[in-house]
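Report on the structure given below.
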Amino acid sequence: MHNTVKNLFDIENNINTYLNKLNINNYPKIIAVSKTFKIDKILPLIEYGHLDYGENKVQEAIEKWTDIKRINSKIRLHMIGKLQTNKVKFAVEIFDYIHSVDSEKLAKKIADEQNKIKKKIKIFLQVNIGDENQKSGINKSNISHLTSYCREIGLDLIGLMCIPPANIDPEIYFDEMNKLNKISGFKELSMGMSSDFLTAVKHSSTYVRIGSSIFGQRS
C-alpha cells in the first residue's frame, strides 16, 4: 500500500472510530488537498479509488487535472482557495465544487459562466467566522442576504465553509458554524483541516479538507 493511501486509510479509520465513540453517524467526505503536489504523488490515491481533491489555484488545477478528469469522470475537484473574478471562466470549466464564494460579484460571475456551458457547480459560502481582517469570507450577519441572492440567480448553494483563526481552539467556531449552517437550511458543511478535522466532524462537518496529513509537508 502506497504511503499516501495508508495515510488516507488511517484518517478514515480515525474519523470512524471517533464518530462511533460519540454515537454520530454522519461520515464526512475527505477532500485530499493536492495543491502544490505533483500528479505522481496523487496517482496512488486515484488508483485506490479516492474521488475528492482540493486545489487553490485555477491554473495549477487545469494543468494537473484536465487529462485525468477526461479519463475519470467520477473525480470531483474542489476549489478551496480565493477565486478572482477574472479566473472564474476557467474555474467553472474544471471544478465541480467552489468552497470560497464571498461576494455577490463573484456569485454572479459564476452563475453567468456556468450558464454558458450548461454546468451546475456546487457552491459553499465562505464565512469569516473569526472576523479576521486578513481572511476572505463574509461576516456572519451577511449570510442570509448572500444566500438569498445566490438562490435568485440560480446557484446550487449547498452549505457554508470556514477557516477558523489559527492557534486558538477551533471548537467554539465549529459549533457556531454548525448552528449557522442549520439556520440557513443547508445539508453540507465544509470545515476542518489536518490539525482539527476531528473537532470539525464532531460539529457536523460533511467535507474535511486534508492535505499534509495525507501527502506530507509541502516543500
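FYI, it's all coordinate maths here, none of it is from the lab. Predicted model, so just to flag it, every value in this text is computed and none were measured. Here the Cβ is made from the backbone with ideal geometry for all residues, glycine too, and neighbour counts use every protein chain on show.
Charge tally around ASN25: other residues with Cβ under 15 Å, Lys/Arg +1 each, Asp/Glu -1 each, net +3. Residues GLU176, GLU63, ranked from the fewest to the most other C-beta atoms within 10 Å, line up as GLU63, GLU176. Using the structure shown, select from LYS118/LYS182; LYS140/LYS179; LYS6/LYS82; LYS89/LYS140; LYS82/LYS179 the pairs with a Cα to Cα distance greater than 22 angstrom. Correct reply: LYS118/LYS182; LYS6/LYS82; LYS89/LYS140; LYS82/LYS179. As a proxy for reagent exposure, CYS150, CYS162 were ordered by neighbouring Cβ count within 10 angstrom, fewest first; the result is CYS150, CYS162. Kindly identify region 71-182 as rounded, prolate or oblate by the Cα gyration tensor criterion: order the square roots of the eigenvalues as a ≥ b ≥ c, call it rounded if a/c is under 1.5, otherwise compare a/b with b/c, prolate if a/b is larger, else oblate. It comes out prolate by the Cα gyration axes. For the listed peptides 181-194, 31-44, 89-102, 10-23, a ranking on the average number of other beta carbons within 10 Å per residue, highest first, reads 89-102, 181-194, 31-44, 10-23. Computed over the chain, the per-residue total of -39500 (n - 2.57) for DSSP H runs of n ≥ 4 gives a 222 nm mean residue ellipticity of -13000 deg cm²/dmol, rounded to 500. Charged side chains reduced to their Cβ positions (Lys and Arg at +1, Asp and Glu at -1) give region 117-219 a dipole of some 560 debye around its Cα centre.
Per-residue extension of 0.36 nm, minus the Cα-Cα distance of ILE68 and HIS145, leaves a gain of 24.0 nm for this segment.
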